[in-house]
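**Q** Here it is, the structure, as structure tokens.
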Amino acid sequence: MKTGQLTRLLATLWLALLPSGALAQWQAVEKVETYAISGKSGAELYASIGERGPQIGKSGQRSIAHTNFKLTWSRDYRPQDDGCTLASARPKLIITYMLPKPSGKLPPLTGKNWDVFIEGVRKHELVHGDFIKDMVRQIERISVGLTVADDPGCRKIRTELTQHLSRLSQQQRQRSRDFDRDELSEGGNIHQLILRLVNGH
């Protein structure tokens, strides 16, 4: 058996010996931050969101809410005689949800409508958080046990891993864009929430 084949075999055996759930022994840290808006009616609150909402991308377009994340990894590369194996990859994921919050007390009817609106927006952003967590799990599954032959310095494996990360990141962004498009389109969930808030019923 060639050395490269042996390296891959050992990596496969190592994965088989992992305890059940070893790839899922982490939890994302999830935080909520708010930005202040003002107004006494639903229309005024929504106008304030348009003025103060988080800016997205280079266009500077403002949104109602935004989900951001910080992801770092602790990785254990194991050089072999004729290759390199990524023995473990443990993520540290921090997800931050940015939501609007009225700065003053709202009239009873407006307050009731606002509660419905913000709860719907919060649930929408949690879906984005789930997409991010799914991406991290996919990265983890691809990473742990990844083996590259003829790489005793563990350099080629980093290049290959980066390619996987780029692909999965692009998939997550597209998934989020598609979800936003559906939710914000006419008749979509967020579109309906906006109409109810602005029209006051």
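The values are calculated or read from the model by the stated rules, or taken from the named source; none is laboratory data. Keep in mind that what you see is a predicted model, and the values were worked out from it rather than measured. All Cβ positions, glycine included, derive from the backbone under ideal geometry; neighbour counts span all protein chains shown. We work out accessible area using only protein heavy atoms, side chains counted, and drop any ligands, DNA or RNA first. Shrake-Rupley method; radii C 1.70, N 1.55, O 1.52, S 1.80 Å.
**Q** Rank P107, V121, L93 by how far each Cα sits towards the positive end of the charge dipole of region 78-124 (+1 on Lys, Arg Cβ; -1 on Asp, Glu Cβ) and give me just the farthest.
**A** P107
**Q** Let me ask something additional. Restrict the search to region 138-196; then list the GluC sites (Glu not before Pro) that DSSP places in a loop and that have at most 11 other Cβ atoms within 10 Å of their Cβ.
**A** Answer by residue number: E186.
**Q** Kindly report the accessible area of the chain per residue (heavy atoms of protein chains, probe 1.4 Å, no ligands, DNA or RNA), in Å².
**A** Accessible area per residue: 60 Å².
**Q** Carbon and sulfur together cover what percent of the accessible area of region 85-201 at a 1.4 Å probe radius?
**A** Accessible surface attributable to carbon and sulfur in region 85-201 totals 52 percent.
**Q** Now a separate question. Please compute the length gained on full extension between S103 and Q192, using 0.36 nm multiplied by the number of residues separating them and subtracting their Cα-Cα distance.
**A** 29.7 nm
**Q** Between K92 and D115, what length comes free when the chain is fully extended (0.36 nm per residue of separation minus the Cα-Cα distance, one decimal in nm)?
**A** Gain in length upon complete extension: 5.1 nm.
**Q** Just from its helices, what would the mean residue ellipticity at 222 nm be for the chain, if runs of 4 or more DSSP H residues each count -39500 (n - 2.57) and the sum is divided by every residue, rounded to the nearest 500 deg cm²/dmol? Show your work: numbers first, answer last.
**A** Details: 5 runs with 101 residues, N = 201.
Only helices count here, giving -17500 deg cm²/dmol.
**Q** Two decimals, Cα atoms only, Kirkwood Rh: what is Rg/Rh over region 121-201?
**A** 1.25
**Q** Which far-off residues, 5 or more places away or on another chain, put their amide H under 5 Å from the one on G83, with H placed in the peptide plane?
**A** HN-HN under 5 Å from G83: D150, D151.
**Q** Treating only the Cα positions of the chain as identical point scatterers, give the base-10 log of I(q)/I(0) from the Debye formula at each q in 0.08 Å⁻¹.
**A** Treating every Cα as an identical point scatterer, log10 I(q)/I(0) equals -0.41.
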